[in-house]
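**Student:** My structure is below; once you've seen it, I'll send some questions.
Since every read-out is calculated from the coordinates, none of them should be taken as a lab result. All figures in this text were calculated on a predicted structure; none of them were measured in a lab. We place every Cβ from the backbone using ideal geometry, glycine too, and count neighbours over all the protein chains shown.
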Amino acid sequence: MKAYPIEELLKRFQAKDPNPKTELEYTNHYTLLIAVVLSAQATDKSVNLATRVLFQKVQTPQDMVELGLDNLKEIIKSIGLYPTKAKNVIALSQKLIEFYHGQVPETLEQLVELPGVGRKTANVVLNVAFGKPTIAVDTHIHRVSNRLGLCISKTPEETEKKLLALIPLSWLHHAHLWLVLHGRYICKSRKPECFHCPVVDLCGYKDKNIL
Ligand code: SF4
């Protein structure tokens with residue numbers, strides 16, 4: 001089997017968007033962590049609407065604890081699963097104060113110990129906040145990677161493993177956001193927009209949507 005032209009794929013994404021940025025709004029490592037926790041099963045847009053209000057009052061774990069659970073719930077009530085997310089946000093803020101002097105830790109192992117922080121959230125924070133070469137496989141990355149032929153995998157965990165083996169280390173940092181944004185805006189779930197896809201000739205998907 002021929003090796004996938006991964007460098008060519010990444011160069012195309014780079015040419016289109018040299019410095020990809022997360023669409024979540026944040027002001028520091030802590031507010032990024034909170035935004036990512038709130039974004040589970042919710043759109044970045046809905047999270048930004050709530051955090052624009054929240055982050056005017058809260059910039060640190062101490063601010064969050066002082067804000068309190070009820071006030072937090074009120075501010076984020078438009079976000080799906082908000083009661084559980086609010087509890088987790090207060091608990092993780094307390095833990096940051098207790099164990100990390102109010103700072104966000106920089107390792108996967110420490111991050112996933114925080115309430116409401118799974119492997120995907122931790123990898124996003126490591127990538128976006130600390131510039132680490134991680135891939136946080138969400139539904140977009142999982143779909144896009146399988147369609148392109150970067151991997152054949154059934155679960156996000158499997159996709160993460162295969163992408164880490166395939167993508168050269170020096171490209172990993174930006175590859176994460178390139179794949180997310182490609183899935184969000186071009187390689188959409190129901191109807192991929194293959195007719196203006198910049199990597200159409202590198203894609204193995206059988207049911208391409210070419211007008
Ligand atoms: S050609 Fe179509 S299916 Fe393939 S990556 Fe581009 S948008 Fe997705």
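**Student:** Check whether at least one residue in region 125-146 is aromatic (Phe, Trp, Tyr) and under 12 Å from the mean Cα position of the chain (by Cα), and report yes or no.
**Tutor:** Checked against the condition, which is being aromatic (Phe, Trp, Tyr) and under 12 Å from the mean Cα position of the chain (by Cα), region 125-146 yields no hits at all.
**Student:** Mind checking which residues of region 180-211 are surrounded by 15 or more Cβ atoms within 10 Å (Cβ to Cβ), more than 10 Å from the ligand (Cβ to nearest atom) and of a type outside the set (Lys, Arg)?
**Tutor:** Scanning region 180-211 gives VAL180, LEU181.
**Student:** Do you know which of the residues in region 28-51 that are free of Cβ contacts under 8 Å to residues at least 40 places away in the same chain and within 16 Å of PRO83 (Cα to Cα) is surrounded by the fewest Cβ atoms within 10 Å (Cβ to Cβ)?
**Tutor:** SER46
**Student:** Follow-up. Looking only at region 65-86, which residues are crowded, with 16+ Cβ neighbours inside 10 Å and within 17 Å of ASN48 (Cα to Cα)?
**Tutor:** Listed by number, the residues that qualify are LEU72, LYS73, ILE75, ILE76, ILE79, TYR82, LYS85, ALA86.
Every residue, every condition in (1) touching an Asp or Glu at 6+ places or on another chain (Cβ under 7 Å); (2) outside any helix (DSSP H, G or I); (3) of a type in the set (Ser, Thr, Tyr), yes or no:
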residue	(1), (2), (3)
LYS2	no, yes, no
PRO20	no, yes, no
LEU24	yes, yes, no
VAL53	no, no, no
GLU66	no, no, no
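**Student:** Here is a follow-up. Out of ILE167, ILE135, which single residue is surrounded by 16 or more Cβ atoms within 10 Å (Cβ to Cβ) and farther than 20 Å from SER39 by Cβ?
**Tutor:** After applying the criteria, what remains is ILE167.
**Student:** Turning to a different aspect of this structure: For region 1-14, which positions are in contact (Cβ under 8 Å) with a residue 24 or more places away in the chain and more than 19 Å from HIS140 (Cβ to Cβ)?
**Tutor:** PRO5, GLU7, GLU8
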